[in-house]
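For reference, the structure is listed below as structure tokens.
What follows is calculated from the coordinates using simple rules that are stated; it is not laboratory data. These numbers were taken from a predicted model, which means no experiment stands behind them. Cβ placement follows ideal geometry from the backbone for every residue including glycine, while neighbour counts extend to all protein chains displayed.
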Amino acid sequence: MTDSLYRETILDHFRNPRNRGTLEPADYSYEDVNPLCGDEIRIDLQTDGEQVTAVRFSGRGCAISQAAASILTEMVEGQPLEAVKAISREDLLEELGVPISPARMKCAMLGLKVLKAGLYGVPPADDAL
Ligand code: FES
């Protein structure tokens, strides 16, 4: 895809977020804020013990944070938990497809940080994503 198509993908996910909402009850649930701006994301997962059977995200924030969370939910839906735990910063950046400046990196990674915190019970260090 070209850069402009990737940008369109991000705008599309921002305007039409996939898997938006909450799950009650959830097997894993966590919410956190980007300390730089106060924007927040919550991610809920339901599993059958081995695979993600449902995922939802909610919150508010900039286009990058919300689009990245939406894209992330598509990456984890139906996947084995071990594969979800292994999703890296690079994996998500590859899916985003556009260069993310250092200033926006916390925006892009907020959803992944919340997802990992839900799975592991504690937020990961920024350099551990
Ligand atoms: Fe707040 Fe991007 S400006 S998450």
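How many residues, within the range 103-124, are without any contact (Cβ under 8 Å) to a residue 24 or more places away in the chain and over 17 Å from Asp39 (Cβ atoms)?
Pass one, the range 103-124, residues without any contact (Cβ under 8 Å) to a residue 24 or more places away in the chain: 103, 105, 121-122, 124.
Going one step further and asking which of them are over 17 Å from Asp39 (Cβ atoms), we end up with 121-122, 124.
Number satisfying all stated conditions: 3.
With Val76, Val55, Val33 as the choices, which residue is in contact with an Asp or Glu (Cβ under 8 Å, 6 or more places away or on another chain), away from the ligand (no atom under 16 Å from the Cβ) and not acidic (Asp, Glu)? Reasoning before the result, please.
Values: Val76 fails: in contact with an Asp or Glu (Cβ under 8 Å, 6 or more places away or on another chain); Val33 fails: away from the ligand (no atom under 16 Å from the Cβ).
Exactly one residue qualifies, and that residue is Val55.
For the range 89-121, name all the residues that are more than 14 Å from the ligand (Cβ to nearest atom) and in contact with a Ser or Thr (Cβ under 7 Å, 6 or more places away or on another chain).
Gly97, Gly118 - these are the residues of the range 89-121 that are more than 14 Å from the ligand (Cβ to nearest atom) and in contact with a Ser or Thr (Cβ under 7 Å, 6 or more places away or on another chain).
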